[in-house]
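Encoded as structure tokens, the structure appears first; notes follow it.
Nothing in this text is a laboratory measurement; each read-out follows from the coordinates by a stated rule. Since the model is a prediction, treat every value here as computed from it, not as a measurement. Heads up, the Cβs are rebuilt from the backbone with ideal geometry, glycines too, and the neighbour counts pull from every protein chain shown.
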Amino acid sequence: MPGDIFEYQVYPDERLSCRVISAGLSLLHGYTTQELQDILENGMLEYIDERDHDEGMRIWSNPKQWKTDCSVEFRLFTKTGETIWVEQHIRYIREEEGVRIYNSLLTDITKIKKQEDELLESQRLLHHLLGIANQRDSPRQLTKRNKEHAAKLYAESFPGGMIGGFCEKGFPLYFANEEMIHFLGYDSYQDLYQGINGMVENTIYQEDRAQVELDLGTTFREGMEYTTRYRMVQKDGSLIWGQDRGRVICEKQGRLAIISTCMNIDEIVKARQLLQKVR
């Protein structure tokens, strides 16, 4: 994974100097090492999407907040006129005669951001199509048949599925669609029910349950929505990262239950983890 490496020197009066150590990413997108050095010395803002100027300046104009580790994401213009997403990670190295020295790694995260955007958009689309979100202002509703068709198309396009659990200890299984059953590696609803002992909680990796509980809270009310992510336990014991977006409903007998869409984000998470290793 090519990247640009800079060295920052921060003087006691907070003046900042920067030199290029390696220009792998910039060379890939048409800039020479000297051109990159000139950009850093003369200011980067004209090469950055205006929407990200404030976030960039928040970091670059105040080295005091760097402390030992910080990062910023922004859209960068390449020499050929393309726009790419990059992440700049700044890490403290040492201090010499009052001058703080930092290393900075600039990496291309365009693919990751695209996947994240597609994930969010697909979840918004599904919630709209299935009427999970508040549709009081919508001029029309899809028929039951069209909702089922939309859900089928969605499930085929974005691996994952839908699952529901009652808002009780362990989240007793309320339902699971065919896509979720197969996504978790089971052959049938009964196979899934037996494999998780009838509890949706058992699809969540034990080490991630505390965070999920924090994201969901302990008090449920009809209409409440949440988003969380965790490692899902498949039938064979393997783990896969999923993003879970759900809503609390009141089913016919008056019991509160959660219905949620679970998306496969394993590739996104592993790409992020690879970035951490590169650093």
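Some notes on this structure:
- 10 Å-binned pair-distance histogram of the range 3-108 (Cα, whole percent): 15, 51, 30, 5, 0
- Difference of contour (0.36 nm per residue) and Cα-Cα distance, GLN194 to ASP266: 23.4 nm
- Length gained on full extension, ARG94 to GLU213, computed as 0.36 nm times the residue gap minus the Cα-Cα distance: 38.9 nm.
- Relative compactness, the range 210-279, computed as alpha-carbon Rg over 2.2 N^0.38 Å: 1.37
- With neighbour counts taken as other beta-carbon atoms within 10 Å, the residues CYS262, CYS70 rank, fewest first, as CYS70, CYS262.
- Local charge for ILE39 was computed over the other residues whose Cβ lies under 12 Å away, with Lys and Arg +1 and Asp and Glu -1, and equals -4.
- Residue-span extension gain [CYS70 to HIS53] - 0.36 nm each, minus C-alpha spacing: 4.4 nm
- Separation between Cα centres of the range 1-52 and the range 211-247, rounded to whole Å: 40 Å
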